[in-house]
1. Rolling a 1.4 angstrom probe over the protein heavy atoms, how many square angstrom per residue are accessible across region 1-105?
2. Fully extended, how many nm does the chain gain between E224 and Q434 (0.36 nm per residue separation, minus their Cα-Cα distance)?
3. Step through the table entries K454/K481; K88/K390; K88/K292, compare each Cα-Cα distance with 25 Å, and write down the pairs that go over it.
4. Please pull out the direction-averaged projected area of region 7-103, using the convex hull of its alpha-carbon atoms, in nm² to one decimal place.
5. Quick check on my link table: of K20/K364; K261/K477; K258/K364; K57/K246; K81/K261, which ones sit more than 32 Å apart, alpha carbon to alpha carbon?
6. For a quick protection proxy, order the peptides 435-441, 476-482 by their average other-Cβ count within 10 Å, most packed first.
7. Quote the FRET efficiency, to the nearest 0.05, computed for S383 versus N302 with a Förster distance R0 of 60 Å and r equal to the Cβ-Cβ distance.
8. Highest first, please rank the peptides 253-264, 313-324, 419-430, 337-348 by the mean number of other Cβ atoms sitting within 10 Å of their residues.
Amino acid sequence: MFTIVDFYGKQADYSCGYCKQPTSCQTHGMWAHTMTCQDYQDLIDRGWRRSGCYCYKPEMHTTCCPSYTIKCDATRFRLSKSHKKTIKRVNKFLKDGVRGKDDGDGTSDADRSAEDGSAGGDLEMGDVARNPRKELNLDNVKALVRKEDGPVARDAVGGMCLAKDPSAGSSSDLSTKSSTGGRNPPKKAKLLRIERKREKLIQKGLKPEELDKEMQEAKGKNVEKSLEDFLAEEPAEGEQAAHRLKLVIVCTSSNEFKRTKQISFGVYKKYQTEVHNDPPNSIEEYLDFLVKSPLQYTTGQNSPSCGFGSFHQQYWLDDRLIAVGVIDILPSCVSSVYFFYDPEYRFLSLGTYASLRELAFTRKMQQHTPSITNYYMGFYIHSCPKMRYKSNLYPSYLLCPEVYSWHPLDAKVVAMLDKSKYCRFNENPKAVDQNAVSSEDVLDVLILHGSSYKRYGQYMKTVGLTVPAKNTCTYAKLVGKVCSSRMLLYEG
């Protein structure tokens, strides 16, 4: 597997989707013709983000609204009171069909859509964000890699294979139902926790009388309920209820997605016009923005059952699609790309509810694939009030834009951002980027040129360059030493 990118360089002075200044945004961008999930994981850990096949990295010290990569440690996530209230509101609606009054949870559902920019924010970058600068025949490149197979073309994810047909699996393989299918109605969450504790005590070899004593003590204690405990309180299959909610994970390159494409586009168009008051996009624009992805769908021993790649998490209320979460499943995280919903159900606070569902999904993935521990929420912009809700997911961390180390989003970091929009969070003056590129490393940048690929030092001799091109040096600096020596930079 391999990654091929076309680096555009700096995209300067375009409209900002947050502060609305007409010429204040500064980013660097590249078009990804194809990309391994491991390479994208490494890129987002350096402040990159994708919108469709376009990848961009804000120039943090010059742009109007510095955008910090934010993640939540899903394994240590703790619910807030507002989170519990949101889940209970949805569960109550499922049970009795009553549309409870939305008393607010501090989060606008429209805010949630701005995961990687304003709603459709990438479209404001112009045609460069939607169309590749050069057409590339990937079949020819695949043949080239097979012909010149070597260390530079090795599997970057570690033993996983590119799925020949991601649609080959049945839809049931990609489904996670919030109800219990054909099983017996579940017991109350507290009883389930007690039974799990009983099983653990039995495994420890406790005698019956000791076991009864331990269980009595357990029943008397107030055990904090987990995210999964709250979600499990929705009506189960076989239990009388007004509605059923089903979550289905659909790979965007699968036949199942093609079957529901028009339905999801209809929900998106309704969301776009009624929530954001924007003119409706065409289905081609919808596909470019939220469906097309450079990420290679991969499965293997080290991947979750649904595989790595780009997915739509569909929320079906009875037989009606009411919301879609666009996510990337990567080797170390579940990354939220975008979220949209049917405005008719805004009273359910679906933006908040979906983020909790995605966190629960991340935790479920972690049980099978231990490396998946984090839930990435896109960018956090402290100067944009609509972004503040992301800090409500605890514990959350921000990426230092200079050292690329992670720092808790706590009172200390908030105070730094209150003082200055741009901050270096790592306060150790000796700390440096461990993945920085030296002048010698630039010569190891991997170049795809014509019908062959080669290191940049060799490429310079081929085309008669005496010093490295500034654009290539900038590219290597922004993607880091590891990715610049592993990804193919397309030079035509």
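1. Per residue, region 1-105 has 35 Å² of solvent-accessible surface.
2. 71.6 nm
3. K88/K292
4. Average projection, Cα convex hull of region 7-103: 10.2 nm².
5. Cα-Cα > 32 Å for K20/K364; K261/K477; K57/K246; K81/K261; rest within.
6. 476-482, 435-441
7. The formula returns an efficiency of 0.95 here.
8. 337-348, 313-324, 253-264, 419-430
The values are calculated or read from the model by the stated rules, or taken from the named source; none is laboratory data. All of these numbers come straight from a predicted model, not from anything done at the bench. Cβ atoms come from the backbone with ideal geometry, glycine included; neighbour counts cover every protein chain shown. In case anyone asks, the SASA skips ligands and DNA or RNA and just uses the protein heavy atoms, side chains included. Shrake-Rupley method; radii C 1.70, N 1.55, O 1.52, S 1.80 Å.
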